[in-house]
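Working notes, beginning with the structure itself.
The values are calculated or read from the model by the stated rules, or taken from the named source; none is laboratory data. These numbers were taken from a predicted model, which means no experiment stands behind them. Ideal geometry is used to build each Cβ from the backbone, glycine not excepted, and the neighbour counts take in all protein chains shown. SASA here: full protein model, heavy atoms, side chains in, ligands and nucleic acids out. Shrake-Rupley method; radii C 1.70, N 1.55, O 1.52, S 1.80 Å.
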Amino acid sequence: MAELLLSAPGKVILHGEHAVVHGKAALAVALGLRTFLRLRPCGGERLRVHLPGVGVRSGWDVAELRALRGRLAADFDESKSPSTEQLDVLKEFAGIAADASAPDCLAILAFLYMYLAISAKYGDVPSVDITVWSELPTGAGLGSSAAYAVCLAAALLRACGAISCPLKDGEATARWTEEEMTLINSWAFQGERVIHGNPSGVDNAVATWGTWSPQIPIRKNHIIKKGREGLGGCLVACRVPTLRILLTNTKVPRSTKVLVAGVKEKILKFPAIMNPVLDSIDAISQECQSVLEAMAANPSPEYYPVLEELFDINQHHLNVIGVGHPSLDRLCRVTASHGLHSKLTGAGGGGCSITLLPPDTTLLAVEAAKRDLCACGFECWETDIGAPGVTLHSSSSLSAQVLQALSES
Ligand SMILES: Nc1ncnc2c1ncn2[C@@H]1O[C@H](COP(=O)(O)OP(=O)(O)OP(=O)(O)O)[C@@H](O)[C@H]1O
Ligand SMILES: C[C@@](O)(CCO)CC(=O)[O-]
Ligand SMILES: [Mg+2]
């Protein structure tokens, strides 16, 4: 088989993080920052993996992996969750402690699970050398785990022949068919389960399908159907506005898995208090969607104060459900001092926030806000919102920087 180069985008959640895990709506957009994967055939019956973002360089004998697959003795399917017993066997095999949650451990575990499950269902993956490199910060709320899982799912499914290679000679990029993307998304969701514990599936859906429009309403357990209906509906029914957003990374590390588990615990402890908050977040997502649709039809600046107020209310709600952080409070105060409104995005607990930049925001105000945010030790950047989902690339379509990062293995 030939070399494969592919990529998947990160995402920004405008509203609905955490609530989406409990069946509420979320509005998410694909981000112009991507994770890239290179798969190269190699000899020697070895599988080699290089993940520079999390400091992993590992390799296993293919025969050893086949034996491990036998030990798991499972009927793998894209609709089946990884079981605790299976993950325990993988941890033992990879020398990972039972309670390990470090980025490299989770990355290896997700890789091994997807490799074994996909090869068990569709046939052996040949000896290959896989490198994954990302423009996304890891564990910062921008969907790095989902972009990683989507890249792995697409590469492994292609390597064992379960999906086609849509890239024709002379083409720069290509996308898979709807049916193939559904399969990629389902396997990526299982990879996300290894990393997140109990993901909603919103992040992998966005990384798979991407979006050129700033809204895909998605609910847990209706990911593909809802997401596709939502996306199709948006593209057909309305034009959507381009939002200018400043992304800020507090650089405070956190784990989505831990934060999602913490919210669940709070809901179980105080259902009568927490459930109305989730309902309110759901209403915010619905309201934001209506406003965005109205803005698309009538791009008037009068809508921005509403969007800003929704950011403020949701940020308070996210603090109430326990996923705020002092660094995020500080960030919101700094942007507020420049008349700008922010909320955390993704799992919270640190990580990234989004700040809305209405069209009348002066360059000077943005620069002043950025300067003050950087002075807090944060990193911020404006980036494109709306990006294609999982994509196959020819090597000539990738920048020299990406190619170099992928070949430094
Ligand atoms: N480029 C990568 N290479 C290998 N593993 C990665 C890569 N990017 C992410 N991961 C895995 O995903 C984990 C981070 O996932 P986590 O869900 O906590 O954060 P996130 O996806 O960046 O944020 P969020 O889920 O809030 O959007 C890392 O600890 C690592 O295991
Ligand atoms: C916090 C969360 O809602 C978003 C993480 O990007 C988790 C999920 O949806 O799986
Ligand atoms: Mg994640």
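Is there a residue in segment 48-58 that is away from ligand 1 (no atom under 14 Å from the Cβ) and more than 14 Å from Val132 (Cα to Cα)?
Scanning segment 48-58, I find no residue that is away from ligand 1 (no atom under 14 Å from the Cβ) and more than 14 Å from Val132 (Cα to Cα), so the answer is no.
Any residue in segment 197-214 that is open to solvent by 30 Å² or more (accessible area, probe 1.4 Å) and at pLDDT 85 or above?
At the first step, the residues of segment 197-214 found to be open to solvent by 30 Å² or more (accessible area, probe 1.4 Å) are 197-198, 212.
Checking which are at pLDDT 85 or above leaves us with 197-198.
Checked segment 197-214: at least one residue is open to solvent by 30 Å² or more (accessible area, probe 1.4 Å) and at pLDDT 85 or above.
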Residue list for segment 312-342, filter: small (Gly, Ala, Ser) and within 24 Å of the chain's Cα centre (by Cα): Gly322, Gly324, Ser327, Ser342
Selection from segment 276-285 of residues that are under 14 Å from Gly23 (Cβ atoms) and either more than 25 Å from the chain's Cα centre (by Cα) or open to solvent by 70 Å² or more (accessible area, probe 1.4 Å) (or both): Asp279
Output for segment 331-373, where each listed residue is over 26 Å from Gly139 (Cα atoms) and either modelled with pLDDT under 95 or touching a Pro at 6+ places or on another chain (Cβ under 7 Å) (or both): Pro358, Pro359, Asp360, Thr361, Thr362, Leu363, Leu364, Ala365
Residues being open to solvent by 60 Å² or more (accessible area, probe 1.4 Å) and either more than 23 Å from Leu33 (Cα to Cα) or touching a Pro at 6+ places or on another chain (Cβ under 7 Å) (or both) - total across segment 159-177: 4
Filter result for Thr242 (more than 16 Å from ligand 3 (Cβ to nearest atom), crowded, with 24+ Cβ neighbours inside 10 Å and modelled with pLDDT of 55 or more): no
Conditions (1) within 16 Å of ligand 2 (Cβ to nearest atom); (2) over 30 Å from Met181 (Cα atoms); number of the one not met by Gly348: (2)
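Looking only at segment 129-138, decide whether some residue is within 18 Å of Val54 (Cα to Cα), in contact (Cβ under 8 Å) with a residue 24 or more places away in the chain and more than 11 Å from ligand 1 (Cβ to nearest atom). Spell out how you get there, then give the answer.
From segment 129-138, those within 18 Å of Val54 (Cα to Cα) are 129-138; that's our starting set.
Still in the running and in contact (Cβ under 8 Å) with a residue 24 or more places away in the chain: 129-138.
Those still in the list that are more than 11 Å from ligand 1 (Cβ to nearest atom) too: 129.
Yes.
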Tabulated pairs, segment 189-207, first touching a residue at least 24 places away in the same chain (Cβ under 8 Å), second within 9 Å of ligand 3 (Cβ to nearest atom) and part of a loop (DSSP other than H, G, I, E, B), C-beta under 6 angstrom, 6+ apart or interchain: Glu192/Pro199; Asp203/Gly143
Looking only at segment 280-312, and only at residues there that are among the charged types (D, E, K, R) and modelled with pLDDT under 95, the one that is nearest to ligand 3 (Cβ to nearest atom): Asp282
Where a residue in segment 277-301 is of a type in the set (Gly, Ala, Ser) and its partner, wherever it lies, is open to solvent by 60 Å² or more (accessible area, probe 1.4 Å), with Cβ under 9 Å and at least six apart: Ser280/Ile313; Ala296/Arg239; Ala297/Arg239
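Going through Ala365, Ala336, Ala375, Ala369 one at a time, which residue ends up being open to solvent by less than 20 Å² (accessible area, probe 1.4 Å), away from ligand 1 (no atom under 16 Å from the Cβ) and more than 18 Å from Leu27 (Cβ to Cβ)?
On the way: Ala365 fails: open to solvent by less than 20 Å² (accessible area, probe 1.4 Å); Ala336 fails: open to solvent by less than 20 Å² (accessible area, probe 1.4 Å); Ala375 fails: open to solvent by less than 20 Å² (accessible area, probe 1.4 Å).
After applying the criteria, what remains is Ala369.
Among the residues of segment 114-150, count how many are more than 16 Å from ligand 2 (Cβ to nearest atom) and either surrounded by fewer than 23 Cβ atoms within 10 Å (Cβ to Cβ) or more than 17 Å from Pro199 (Cα to Cα) (or both).
The number of residues fulfilling the criteria is 20.
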Any hit, segment 142-154, residues being at pLDDT 95 or above, in contact with a helix residue (DSSP H, G or I) (Cβ under 8 Å, 6 or more places away or on another chain) and part of a loop (DSSP other than H, G, I, E, B): yes
